[in-house]
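Have a look at the structure below, then the notes.
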Amino acid sequence: MRLLVCGGAGFIGSTFVRLRARECGDQVTVLDKLTYAGRLENLQEVRDDIRFVQGAIEDPVAVAESIGGAEAVVNFAAETHVDRSIADPEGFIVTNMQGTHVLLEAARERGLRYLQVSTDEVYGSIDDGSFTEQSPLAPSSPYSATKTGADLLVSSYFHTYGLETVICRGSNNYGPHQYPEKLIPLMILNALAGDRLPVYGDGGNVRNWLFVEDFARGIAHALAHGRPGEVYNCGGPDECDNLTVVRRIVELAGADPDLIEFVTDRPGHDRRYSLSSAKLEALGWQARVRFEEGLERTVAWYRDNEWWWGPIRSGGYREYYERHYGRALKA
Ligand code: NAD
Ligand code: TYD
């Protein structure tokens, strides 16, 4: 298949591109702005097999330049970190909403299939049970609100213009190549370096963990088999509270448990996410990697791949970290 993959230099997008280029022999063009989270290092294994265009999805010229020949658009491109969206929401509105609109217009003009990568955070927090695709949308943060806005726009292009859209909503992903502002890679790198491990609030917030390769396969499945106009949830096989996750990382990294430090909670912090994936499972997708196995693989990957994270921990990320957590990382 000929695919335009937007945001393909990020964590999940690059996992999807590696899968499609290697296992499916697709012709892939990646359009990516290369923000702090987008890195060509993520694509180095498939660099000779794909076309890469540096540009923003909210820029119609860059989109027109990269979309030629594509049969489908898969949109991963987004500002993705909740804490950054609380500190400075504007960029989230531009990329997540305006950018999605530009892509939808380009897909509509050319009659292309369009898959929007979305998140369980559009449903908000749930105390018991799991969200289905019918659950009301109740986002809490500027990040999730802009992802929800984008989803609604995508659905409107199906209903109004008959564009062949599919939305795939994933739960919290983890795995190799995730930028260390997110819980799991941040805790792994801090544990390996002997830096403190900042747990928000009481550490009792629960996330539904999904190994990144399982999400990439779920998106590929929804792209191939999803019905136009439909939403498919793609949730991980296990749920775990943050403190348990961090304690397990401490064990796997051989770090000192006293590094764990409870810090001021995130404003508006969602307590629990949980997704029912029954609809995508009925199409034939199944998560393959349980959390315990995936976490071990992820810790091993970060331990073995300092070439990937070394430049991040010594670059602009240090300033972000100091500003956000009020303490410097070890040199
Ligand atoms: P990421 O932050 O690692 O990567 C985002 C990518 O988008 C980067 O390569 C970045 O350079 C690119 N990008 C940002 N703004 C852009 C713009 N304006 N134009 C073009 N490219 C731009 O994110 P991720 O974790 O890989 O998430 C990918 C998608 O999956 C997002 O849409 C996110 O909402 C969704 N999602 C993420 C998770 C998760 O746990 N990480 C879970 C469910 C859904
Ligand atoms: P995160 O990885 O930012 O994903 P999301 O907010 O999209 O779920 O955070 C996962 C959980 O970990 C969330 O409950 C917030 C918590 N967390 C911490 O306790 N400490 C941290 O330093 C970070 C980044 C997150």
Taking the residues in the range 1-28 that are among the basic types (Lys, Arg) and more than 13 Å from ligand 1 (Cβ to nearest atom) as candidates, determine which candidate is most open to solvent (accessible area, probe 1.4 Å). ARG22
Among residues of the range 62-85 being assigned to a helix (DSSP H, G or I) and within 16 Å of ligand 2 (Cβ to nearest atom), the residue farthest from GLN27 (Cα to Cα) is ASP83
Tell me the residue from LEU189, LEU243 that is surrounded by fewer than 19 Cβ atoms within 10 Å (Cβ to Cβ), among the aliphatic types (A, V, I, L, M) and modelled with pLDDT of 95 or more, please. LEU243
Take the residues of the range 181-200 that are in a loop (DSSP other than H, G, I, E, B) and within 16 Å of ligand 1 (Cβ to nearest atom): which is nearest to THR298 (Cα to Cα)? LYS182
Filter the range 209-237 for residues that are in a strand (DSSP E or B) and surrounded by 24 or more Cβ atoms within 10 Å (Cβ to Cβ); the one that is farthest from the chain's Cα centre (by Cα) is TYR232
Among all residue pairs at least 6 apart or on different chains, which show Cβ distances below 6 Å where the first residue, located in the range 174-202, is on the phi > 0 side of the Ramachandran plot and the second is more than 16 Å from ligand 1 (Cβ to nearest atom)? GLY201/ASP265
Of the conditions (1) without any contact (Cβ under 8 Å) to a residue 60 or more places away in the chain; (2) open to solvent by 20 Å² or more (accessible area, probe 1.4 Å); (3) hydroxyl-bearing (Ser, Thr, Tyr), THR148 satisfies every one except a single condition; which number is it? (2)
Looking for something assigned to a helix (DSSP H, G or I), over 26 Å from ALA220 (Cα atoms) and not acidic (Asp, Glu) - is there at least one such residue anywhere in the range 115-135? no
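Could you please let me know if GLY315 is loosely packed, with under 13 Cβ neighbours inside 10 Å and within 16 Å of ligand 1 (Cβ to nearest atom)? Can you show your working first?
Details: loosely packed, with under 13 Cβ neighbours inside 10 Å: yes; within 16 Å of ligand 1 (Cβ to nearest atom): yes.
Considered against the rule, which asks whether it is loosely packed, with under 13 Cβ neighbours inside 10 Å and within 16 Å of ligand 1 (Cβ to nearest atom), GLY315 comes out as yes.
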Within the range 111-131, work out how many residues are of a type in the set (Ser, Thr, Tyr) and open to solvent by 20 Å² or more (accessible area, probe 1.4 Å). 2
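Residues in the range 251-259: is at least one more than 27 Å from SER141 (Cα to Cα), in contact with a strand residue (DSSP E or B) (Cβ under 7 Å, 6 or more places away or on another chain) and either open to solvent by 20 Å² or more (accessible area, probe 1.4 Å) or more than 16 Å from ligand 2 (Cβ to nearest atom) (or both)?
yes
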Could you tell me whether GLY99 is farther than 13 Å from VAL154 by Cβ, more than 16 Å from ligand 2 (Cβ to nearest atom), open to solvent by less than 50 Å² (accessible area, probe 1.4 Å) and in contact (Cβ under 8 Å) with a residue 40 or more places away in the chain? no
Of all residues in the range 62-90, which are under 30 Å from GLU164 (Cβ atoms) and surrounded by fewer than 16 Cβ atoms within 10 Å (Cβ to Cβ)? ALA64, GLU65, GLY68, GLY69, GLU71
Could you grab me the full set of residues in the range 29-61 that are among the β-branched types (Val, Ile, Thr) and open to solvent by 10 Å² or more (accessible area, probe 1.4 Å)? THR29, THR35, ILE50, VAL53, VAL61
The number of residues in the range 156-180 that are hydroxyl-bearing (Ser, Thr, Tyr), open to solvent by 10 Å² or more (accessible area, probe 1.4 Å) and within 16 Å of ligand 1 (Cβ to nearest atom) is 1
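The values are calculated or read from the model by the stated rules, or taken from the named source; none is laboratory data. The shown structure was predicted, so the numbers you read here are calculated from the model rather than taken from an experiment. Positions of Cβ are backbone-derived with ideal geometry, glycine not excepted, and every protein chain shown enters the neighbour counts. Just so you know, the surface numbers come from the protein's heavy atoms only, side chains and all, with ligands and any DNA or RNA stripped out. Shrake-Rupley method; radii C 1.70, N 1.55, O 1.52, S 1.80 Å.
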